[in-house]
Amino acid sequence: MAKKPHGASHQSAAVEAMLTLAAERGWYSVSLADIAQRAKIGLADLHEQFDSKEGLLREYVDSLDLAVLKGDLPEAEASVRDRLFDVMMRRFDAMQPHREGIRAILRDVRGDPWVLLCSLPRLLSSARLMLEAAGVSSSGTRGRIKAKGLAGVYLSVLRTWLYDDSPDMAKTMSALDRSLRRVEGVAMLLSRDRRNAAERAEGEEAAKV
């Protein structure tokens, strides 16, 4: 759990150390003391801010969310798909320097149901922020449905990004474009079905009169 901030430089150094060590040793082989030593921070100072490496991981996710929100506002005339593409690529761009560490962490925790269960609310929160950054409302029931759909897109593309060896993340961009087009197609079909159902209902009501 995050505690009282002690300075952005300490936080940044600790997060960097955590991700580097995870890439070198694996997530479960890294201790908070290891991170403090690599970051050249006193363990007491580090513990004053974070009482676990999971707290540091949440700090890193916060930084990714902030990177998404710091980007330029989307062009009003751009399609929703294009806006979401740009916003989601901001996130992958921010993650790129630490891909090996992220891959190591995900590899180790994928067999831990408790960790995955606790991560779900955070994933949905990040998805809602990406929607808002793209100029799409994430409020209400429809917003929650959109967030779940976008979280699914993100997880699908994440698998490609983790092993994308292209210099410009071309494989990731291609996978993201395909996933967003697929979701857009499903949304259009659902919208058409709802419209047809409404028209049928209106026709039935008119026939009764």
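Just so you know, all these numbers are worked out from the coordinates, no wet-lab data involved. It should be emphasised that the depicted structure is a prediction, and the values quoted were computed from it without experimental measurement. Counting neighbours? That spans all protein chains shown, and the Cβs are built from the backbone with ideal geometry, glycine included.
Laid out as a table, the results:
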{"quantity": "Least to most buried among 72, 108 (fewest other Cβ within 10 Å first)", "calculated": "72, 108"}
{"quantity": "Residues 77, 59, 54 arranged by fewest to most Cβ contacts within 10 Å", "calculated": "77, 54, 59"}
{"quantity": "Rounded FRET efficiency, nearest 0.05, which uses the C-beta distance separating residue 47 from residue 99 and R0 of 30 Å", "calculated": "0.60"}
{"quantity": "Order of 163, 154 under a 10 Å beta carbon neighbour criterion, fewest first", "calculated": "163, 154"}
{"quantity": "The range 1-59 - convex hull of alpha carbons, volume per residue in Å³", "calculated": "62 Å³"}
{"quantity": "Partner aspartates and glutamates for residue 171 [C-alpha distance under 19 Å; skip if fewer than 8 residues away on the same chain]", "calculated": "82, 86, 93, 100"}
{"quantity": "Principal axis box of the range 132-171, alpha-carbon based, largest edge first, Å", "calculated": "39, 17, 9"}
